[in-house]
Amino acid sequence: MTDVSSPSGGAASALDTSVPHSARLWNYLLGGKDNFAADREAAEQVLAFLPELVQSARFNREFLGRAVRHLAGEAGVRQFLDIGTGLPTANNTHQVAQAVAPASRVVYVDNDPMVLVHARALLTSSPEGATDYIEADLRDPETILEQARRTLDFTQPVAIMLLGILNFVVDDAEATAVVRRLVDAVPAGSYLVISHPTREVSPEAVDRAVQMWNTGGAAPMCVRTPEQILRFFDGLDVLEPGLVTCSRWRPDGNDTTPTSEYSAVARKG
């Protein structure tokens, strides 16, 4: 397990509160308190012309809950690799999975030192299950897979969770290679879960938001078309209803208003 009581000096020194970071901005949109003035300012600038962003953040979180409940329940998955974890809020992956199947094992991965500081909240677990936290970057799948083996058994199905993170790998070939490496590492019966921003709902506002973020954010981002997002699932069986705005993936009484965040879940045969 990661020792979150004494995080490494490298992580602590990497914390720059003057530059907005996606994890902290998302935390602000979800009503959290683990953010700084630069994050709040960036969020408010975008909300001025893209007010749906708050709704998109909430809908994306609700999609995570529905997807994990399905995987831990009907699909019988007991292992989750959640990359791009973000700051802890309500209904984190391990909480949802272990509420359905207490023996679920969850590994979180993020490269934001703020997430490391708060990782203790992510490392709570049911007695039957386990959680771990890895400080690593999505672009380094070898490190992720090597360290995840401390907690996960890669001979058994694993659900790979990539929610709102692939958009920070702006090179399509690199993003595809990372997804392929992760999927190749897990056995048949595993799942891939992706959410990704698109231009489908508010194209002009989304373009402006991306341009603004890429001018002052901690890491550049991109949006992709539904067709481009679907290519990440090549060779996998995409579950119904396919790639849809995240509020409409298997709705369960939730608000189904369309947002720019699209999502899908697929099974490795």
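The values are calculated or read from the model by the stated rules, or taken from the named source; none is laboratory data. Just so it is clear, the structure is predicted and the values come from calculations on it, not from any experiment. Note: ideal-geometry Cβ built from the backbone for every residue, glycine included; neighbour counts use all protein chains shown. SASA here: full protein model, heavy atoms, side chains in, ligands and nucleic acids out. Shrake-Rupley method; radii C 1.70, N 1.55, O 1.52, S 1.80 Å.
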**Study point:** Sole residue being at pLDDT below 95, open to solvent by 60 Å² or more (accessible area, probe 1.4 Å) and either over 25 Å from residue 267 (Cβ atoms) or not polar (S, T, N, Q) (or both), chosen from 135, 128, 142
**Key:** 135
Review point. Taking into account only those residues within the range 55-79 that are under 17 Å from residue 264 (Cβ atoms) and over 19 Å from the mean Cα position of the chain (by Cα), which is surrounded by the most Cβ atoms within 10 Å (Cβ to Cβ)?
Key: 75
Review point. Mind checking which pairs have a first residue in the range 153-169 that is without any contact (Cβ under 8 Å) to a residue 60 or more places away in the chain and open to solvent by less than 20 Å² (accessible area, probe 1.4 Å) and a second that is part of a strand (DSSP E or B) and not acidic (Asp, Glu), Cβ under 7 Å, 6 or more apart or different chains?
Key: 167/196; 167/197
Practice item. Could you list, in sequence order, all residues of the range 175-223 that are part of a helix (DSSP H, G or I), under 21 Å from residue 49 (Cβ atoms) and in contact (Cβ under 8 Å) with a residue 24 or more places away in the chain? Key: 205, 206, 208, 209, 212, 213, 216
Review point. For the range 64-94, how many residues meet the condition of being at pLDDT 95 or above and outside any helix (DSSP H, G or I)?
Key: 11
Check your understanding: Can you tell me which residues in the range 182-230 are surrounded by fewer than 14 Cβ atoms within 10 Å (Cβ to Cβ) and modelled with pLDDT of 95 or more?
Key -> 184, 187, 188, 225, 227
Review point. What tally of residues in the range 86-102 results from selecting those that are free of Cβ contacts under 8 Å to residues at least 60 places away in the same chain and either of a type in the set (Lys, Arg) or open to solvent by less than 50 Å² (accessible area, probe 1.4 Å) (or both)?
Key: 7
Exercise for review: Scan the range 21-54 for residues that are open to solvent by 50 Å² or more (accessible area, probe 1.4 Å), touching a residue at least 24 places away in the same chain (Cβ under 8 Å) and assigned to a helix (DSSP H, G or I) and jot them down.
Suggested key: 26, 45, 54
